[in-house]
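Each remark here refers to the structure printed beneath this line.
The values are calculated or read from the model by the stated rules, or taken from the named source; none is laboratory data. Every value quoted in this text rests on a predicted model; they were computed, and no experiment measured them. Because the Cβ atoms are built from the backbone with ideal geometry, glycine has one as well, and the counts that use them run over all protein chains shown.
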Amino acid sequence: MHSADGVLDLISPLLERYRLWFKQFWLRGDAAFASPCLYEFCEDRRITYFIRLVSNSSLKSRLGPHLKRPAGRPPKTGVQVRVIEFHYQAESWNKPRRVVCKIEWHVGELFSRVGFIVTNSKLEAHKVITIYNGRAEIENRIKEGKNTLRWDKTSCHRFAPNQARLLIGCLACNLLHMIRDTAFWGQSVRPSIDSIIRRLVKVGARVVYHAMKWYVHVVSDFSLARYYRILLA
């Protein structure tokens with residue numbers, strides 16, 4: 001099954017729900033969402049999209065005059081960047097569309113790094129790159145779920161038990177994420193879910209329910225007890 005299968009079914013109700021409140025919608029997606037049906041869907045409903053394109057020979061042929069390394073010494077970051085744009089129409093597209101290309105030269109690398117973004121935005125090319133780079137980090141959250149909560153553990157012999165395990169894992173992830181947002185709010189660096197489990201969940205304590213209140217008893221010198229107070233408040 002394709003990575004973007006069902007994406008229109010996901011986006012449509014969100015659009016209907018928030019259209020009365022917001023006039024401007026941006027959709028940012030990686031190359032898995034580079035689909036003509038998604039472009040047309042966004043264009044018909046006034047959604048501005050920024051979607052990465054997989055490189056191919058036709059796109060690369062447009063870069064010939066721009067692949068020469070810029071003159072002068074590289075900046076302190078060691079990366080030289082050139083941004084260009086052009087109109088391109090793939091065989092499956094019903095019309096040409098704007099494509100913004102970012103070319104990077106890194107110190108010590110022989111070949112440049114190239115990335116293509118298709119968009120219907122009228123913003124300048126550098127702004128398009130900046131907006132696309134601000135896309136959500138959902139892949140990191142999926143990685144946390146798989147590595148820490150074992151979302152990918154489907155060792156049961158039937159579908160329903162495996163589905164239940166995944167749903168329980170998603171619920172645990174939401175609860176731990178709520179703890180991270182609540183207890184560590186305002187901190188410049190927030191801990192990972194694995195760190196929260198090791199520091200706050202896997203702790204020797206006694207939980208008591210008395211007089212319609214929950215009490216968590218930990219040792220008096222437990223340095224992270226303040227986070228329990230924040231959460232239980």
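Can you say whether VAL107 is surrounded by 13 or more Cβ atoms within 10 Å (Cβ to Cβ), closer than 30 Å to PRO75 by Cα and of a type outside the set (Phe, Trp, Tyr), as far as the supplied structure shows?
Values: surrounded by 13 or more Cβ atoms within 10 Å (Cβ to Cβ): no; closer than 30 Å to PRO75 by Cα: yes; of a type outside the set (Phe, Trp, Tyr): yes.
No.
So, PRO65, is that one assigned to a loop (DSSP other than H, G, I, E, B), of a type outside the set (Asp, Glu) and loosely packed, with under 12 Cβ neighbours inside 10 Å or not? For PRO65, the condition - assigned to a loop (DSSP other than H, G, I, E, B), of a type outside the set (Asp, Glu) and loosely packed, with under 12 Cβ neighbours inside 10 Å - is not met.
For region 131-142, filtered to residues that are at pLDDT 85 or above and surrounded by 13 or more Cβ atoms within 10 Å (Cβ to Cβ), the residue that is farthest from VAL83 (Cα to Cα) is ILE142.
Only residues that are in contact with a helix residue (DSSP H, G or I) (Cβ under 9 Å, 6 or more places away or on another chain) and surrounded by fewer than 14 Cβ atoms within 10 Å (Cβ to Cβ) were counted in region 9-44, giving 2.
Counting only residues that are farther than 18 Å from SER121 by Cβ and part of a loop (DSSP other than H, G, I, E, B), region 9-29 holds 3 of them. Checking each residue in region 30-62 for being under 25 Å from the mean Cα position of the chain (by Cα), touching a residue at least 40 places away in the same chain (Cβ under 8 Å) and part of a helix (DSSP H, G or I) picks out PRO36, TYR39, GLU40, CYS42, GLU43.
Considering each residue of region 146-187, count those that are in contact (Cβ under 8 Å) with a residue 40 or more places away in the chain and crowded, with 17+ Cβ neighbours inside 10 Å, and give that number.
To start, the set of residues in region 146-187 that are in contact (Cβ under 8 Å) with a residue 40 or more places away in the chain comprises 147-149, 179, 182-184.
Now drop any that are not crowded, with 17+ Cβ neighbours inside 10 Å, which leaves 148-149, 179, 183.
Counting residues in region 146-187 that are in contact (Cβ under 8 Å) with a residue 40 or more places away in the chain and crowded, with 17+ Cβ neighbours inside 10 Å gives 4.
Residues in region 101-131 that are within 18 Å of ARG46 (Cα to Cα) and not β-branched (Val, Ile, Thr): ASN120, SER121, LYS122, LEU123.
CYS101 fulfils the conditions (1) part of a helix (DSSP H, G or I); (2) within 30 Å of ALA71 (Cβ to Cβ) except for a single criterion, (1).
Selection of first residues in region 74-102 that are at negative phi and of second residues that are modelled with pLDDT of 90 or more and of a type in the set (Ser, Thr, Tyr), restricted to Cβ pairs under 6 Å at least 6 apart or on distinct chains, gives the following pairs, ordered by first then second residue: ARG98/THR119; VAL99/TYR88.
Does ILE117 satisfy the condition of being in the same structural domain as GLU43 (by TED's automatic domain parsing), in contact with a His (Cβ under 8 Å, 6 or more places away or on another chain), touching a residue at least 24 places away in the same chain (Cβ under 8 Å) and not in a helix (DSSP H, G or I)? So that I can check it myself, show each step before the final result.
Details: in the same structural domain as GLU43 (by TED's automatic domain parsing): yes; in contact with a His (Cβ under 8 Å, 6 or more places away or on another chain): no; touching a residue at least 24 places away in the same chain (Cβ under 8 Å): yes; not in a helix (DSSP H, G or I): yes.
In short, no.
Of the residues making up region 120-137, those that are of a type in the set (Lys, Arg) and free of Cβ contacts under 8 Å to residues at least 24 places away in the same chain are LYS122, LYS127. Residues in region 159-190 that are farther than 15 Å from TYR228 by Cβ, touching a helix residue (DSSP H, G or I) at 6+ places or on another chain (Cβ under 8 Å) and not small (Gly, Ala, Ser): CYS170, CYS173, HIS177, ARG190.
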